[in-house]
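J.: Submitted below is the structure of interest, expressed as structure tokens.
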Amino acid sequence: VPYYATMDIHFKKTPLELGFFQPEDYTYPFTSSQARSELFFHESVLSRASKILAEEDQVALSADELRFQVSLAAAKIENTLQLRAEHPDPNLPPKILRAMYRAYIEYSKSEYYSAFDKAIERVTASMVENENERKRLGEELKVEIEKIGRATGVYDPEVQGQILSSLIIELEKSRQQNRLDLFKVNRRLKDVPE
């Protein structure tokens, strides 16, 4: 009869569920409890767990062997799963659970950070794009003002300055909004619990 050990794992809400990110900004795919639980059997998690067991406990179990010795079941507490490991050696189930849990945490962290980096890249790219658009529009505006001046004979610097400043204000509002978006993403990163 195989020996077994169990570990209860409680999932906190994701940064998306907590409202730190909008769905379009947050590309991390594991956002439901079921998807997060399935991650335990992701090849990367199993491979990491196998490596942890080999390096720290001198236990040789492949990712495929771990897949068949570990199971998940829903616990009685909401957002909680029970991870269970079985093995004929009574010393191995707790070691397997620790390795699986550590591998899961390491992999999840790398995926979360990747999602945050992508969100920041998207906002930064938008800021660069808006800055380039502002420069392009500024150049076009100069050309148009010169055309209007030649066509109408209105070269009054005050009138032209008012037209130009109203357009610049609109462009500046757009630039400030982009900066605010980036600030919000950075603030959310600081507020996200580990």
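The values are calculated or read from the model by the stated rules, or taken from the named source; none is laboratory data. Quick caveat: nothing in here was measured; it's all calculated off a predicted structure. Cβ coordinates were reconstructed from backbone atoms using ideal geometry, including for glycine residues, and neighbour counts include every protein chain displayed. What goes into the accessible areas is simple: the full protein's heavy atoms, side chains included, and nothing from ligands, DNA or RNA. Shrake-Rupley method; radii C 1.70, N 1.55, O 1.52, S 1.80 Å.
J.: Please give the solvent-accessible surface of His42 in Å², to the nearest 10, using a probe radius of 1.4 Å with every protein chain present.
T.: Spelled out: His42, probe radius 1.4 Å, area about 60 Å².
J.: Here's a follow-up. I'd like the accessible area for Val143: 1.4 Å probe, protein heavy atoms, all chains in place, Å² to the nearest 10.
T.: My reading of the accessible area for Val143 is about 70 Å².
J.: Using the crude model of +1 on Lys and Arg Cβ and -1 on Asp and Glu Cβ, and no other charge, please compute the dipole size for segment 36-177 relative to its Cα centre, in debye to 20.
T.: Values: 20 positive and 25 negative charges, 55 e Å.
That gives a dipole near 260 debye.
J.: Modelling each spin label as a point 7 Å along the Cα-to-Cβ direction, I'd like the Glu146/Lys51 distance in nm, to one decimal.
T.: 6.0
J.: Could you give the size of the charge dipole of segment 78-142 about its Cα centre, using +1 on the Cβ of each K and R and -1 on the Cβ of each D and E, expressed in debye and rounded to the nearest 20? Don't skip to the end; give the middle numbers.
T.: Details: 11 positive and 12 negative charges, 32 e Å.
Taking the Cα centre of segment 78-142 as origin, the dipole is about 160 debye.
J.: Ok, one more. Taking R0 as 22 Å, what FRET efficiency do you get between Tyr113 and Gln58 from their Cβ-Cβ distance, rounded to the nearest 0.05?
T.: On the way: r = 31 Å, r/R0 = 1.40.
With a Förster radius of 22 Å, E is 0.10.
J.: Step through the table entries Lys76/Lys109; Lys51/Lys109; Lys95/Lys190; Lys51/Lys190; Lys135/Lys184; Lys118/Lys190, compare each Cα-Cα distance with 23 Å, and write down the pairs that go over it. Walk me through the numbers before you get to the answer.
T.: Working: Lys76/Lys109 26 Å; Lys51/Lys109 18 Å; Lys95/Lys190 33 Å; Lys51/Lys190 31 Å; Lys135/Lys184 25 Å; Lys118/Lys190 16 Å.
In this structure, Lys76/Lys109; Lys95/Lys190; Lys51/Lys190; Lys135/Lys184 exceed 23 Å between Cα atoms.
J.: Just subtract the alpha-carbon distance of Glu38 and Gln162 from 0.36 nm times their residue separation and send over the number in nm, one decimal. If you can, show how the numbers build up before the last one.
T.: Numbers: separation 124, 0.36 × 124 = 44.64 nm, distance 6.05 nm.
Extra length from Glu38 to Gln162 when fully extended: 38.6 nm.
J.: Could you check the simple spin-label distance between Glu172 and Glu78, using points 7 Å along Cα→Cβ, in nm with one decimal?
T.: Placing both labels 7 Å along Cα→Cβ, they lie 4.9 nm apart.
J.: Give me the one-decimal nm value for the distance between modelled label points at Asn186 and Lys135, 7 Å along each residue's Cα-to-Cβ direction.
T.: My value for the distance between the label points is 2.2 nm.
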